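The values are calculated or read from the model by the stated rules, or taken from the named source; none is laboratory data. Everything numeric in this text was worked out from a predicted model, so none of it was measured. Note that each Cβ is placed from the backbone with ideal geometry, even for glycine, and that neighbours are counted across all protein chains shown.
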Amino acid sequence: MNYALFFYEACFRDSEVKSMSVTTVIVIDKYGADIALIGKAVRPFGHALLWAENIKEGVKLIKASKPATVLVNEELLGGKELNVLLETIRAHRLPTQLVIISDKPDFEKSMDWVAEGVFSVISSPINIERLRRIINKIADSQVLYETIINTSLQPSSHQGGLSIYKNLAGHLESGPLLEALCDTARQMTGAARVEAWSRLDLDSQVMIASGPTNAHCEKDVTLDLSWKGKCLGALKLIFDDDKAADRLDYNIVDELVWAGSLFLSQSARFEEALKMAFRDPLTGLNNRRVFLEALEREFGQAKRYNTQVTLLTLDIDHFKAINDTYGHQTGDEILKWLSGVIMSVVRTGDLPARIGGEEFAIILPRTSIQQATILAERLKDALAISLIPNCPGILRPTVSQGLADIEHFLVTSPQDLIYWSDQAMYLAKRDGRNTIRTISELQAKSTFQDVEYVFQ
């Protein structure tokens, strides 16, 4: 077989992580030596991972799967292979970004590659954190691209604006959103320079007005970009001489403002969706995606700098019975109540998350298991005296808590922290619920001997 297909769930059976959107990553490498390492980089986000042995098979995969990211080993780029890959991406109008893996990256050569359209160059051996940031940034850009391309448009009198809008969408292949706006505006208006701001960059007190920014200086023209009454950003056109602004065709400006405003409105929708992707919609806590990424980061830093990190896992006792007796609306109120109490107890730097239905976790950086136990006791006490809004007064759920720390010999990876804090939490449930158990207590009771666990 000339190429192999790896659906990532086959590599990740020990978790049920779901991402905001499943995207495809293609690796083009003769021997596939970095497949396992790249797998770790995309692991928390459920991306499909594909492998091709050579450029020819890689092109076939690109056409068939429309990937977000293509990683290619520099050793395969001897002649025109780079141009073949880039032309394939451009010819099929794909929002795909190319990343080159190089054993000995050369600065000037890397700059040449980027100038030709390569997104980034990374060195081998691969830095997992850097590769993960690159892949996630590209994946999020693809979501924006699809949002804009699939937008239902009503051109009305803005036929020219519709053409500009589609052109802007095409620019996403090679540059960020605001750069695409600037380039398009410069080409249309003949401005010497164009500056753009999104609404996120503007101070809430700033007022943007159409027309010249200064009656005595007509070199600068600032255009308001708004959609359905909301200010989304601004374009500032800067001309070489005083008379250039007078020659500005305001029919073209009208089309540009319409297309740019619509484009930014879709970007704003994407930004909001992206925020939602990192938060649990019911409780407002971090979701599982953020939790897994943060845990791997904190674990790596603790190992590197010889510091401590402890994971606290907690689960609401008898939650199914509560839902069955009082209804799911009451269950939702309990989840929101517990989240609020957790936020009142955690310290700056701690990372609380909802990682399952009624299961929560708190990452405690630079915290020993003894210190974490104190926090767990404080949470238990806070829950005992806190009332649940909109719930029967007699209802006061408890939680079982489990703790595991990086110092314990059973913990050699972030996944071990998750596993053993879970097992400590189950021990707390077996010991009567509404209590706290640690990995050391779990070991002392030899409970872990009854647990199916594979040591690697």
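A few points about this structure:
- Those helices (runs of 4 or more DSSP H) of the range 306-385 in which 1 or more residues are within 24 Å of L442 (Cα to Cα), polar (S, T, N, Q) and in contact (Cβ under 8 Å) with a residue 12 or more places away in the chain occupy 369-385.
- The residue that is modelled with the lowest pLDDT, among those in the range 329-372 that are within 20 Å of S421 (Cα to Cα), basic (K, R) and surrounded by fewer than 21 Cβ atoms within 10 Å (Cβ to Cβ), is R347.
- Being of a type in the set (K, R), in contact (Cβ under 8 Å) with a residue 60 or more places away in the chain and closer than 26 Å to K429 by Cβ is not true of R297.
Residues are listed down the side, and each one gets a yes or a no for (1) assigned by TED's automatic domain parsing to the domain that holds T373; (2) surrounded by fewer than 23 Cβ atoms within 10 Å (Cβ to Cβ); (3) within 20 Å of K445 (Cβ to Cβ):
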{"site": "C391", "(1), (2), (3)": "yes, yes, no"}
{"site": "G402", "(1), (2), (3)": "yes, no, yes"}
{"site": "S413", "(1), (2), (3)": "yes, yes, no"}
{"site": "L427", "(1), (2), (3)": "yes, yes, yes"}
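- Among the residues of the range 29-56, those that are crowded, with 17+ Cβ neighbours inside 10 Å, more than 24 Å from the chain's Cα centre (by Cα) and modelled with pLDDT of 80 or more comprise D29, A52, E53, I55.
- The range 434-456 - residue that is under 19 Å from T373 (Cα atoms) and surrounded by fewer than 16 Cβ atoms within 10 Å (Cβ to Cβ) and, of those, modelled with the highest pLDDT: A444
- As a summary of the residue check, L403 satisfies the conditions (1) touching a residue at least 12 places away in the same chain (Cβ under 8 Å); (2) in a helix (DSSP H, G or I) except for the one numbered (2).
- Of residues in the range 200-252 being of a type in the set (A, V, I, L, M) and surrounded by fewer than 12 Cβ atoms within 10 Å (Cβ to Cβ), the one modelled with the highest pLDDT: L200
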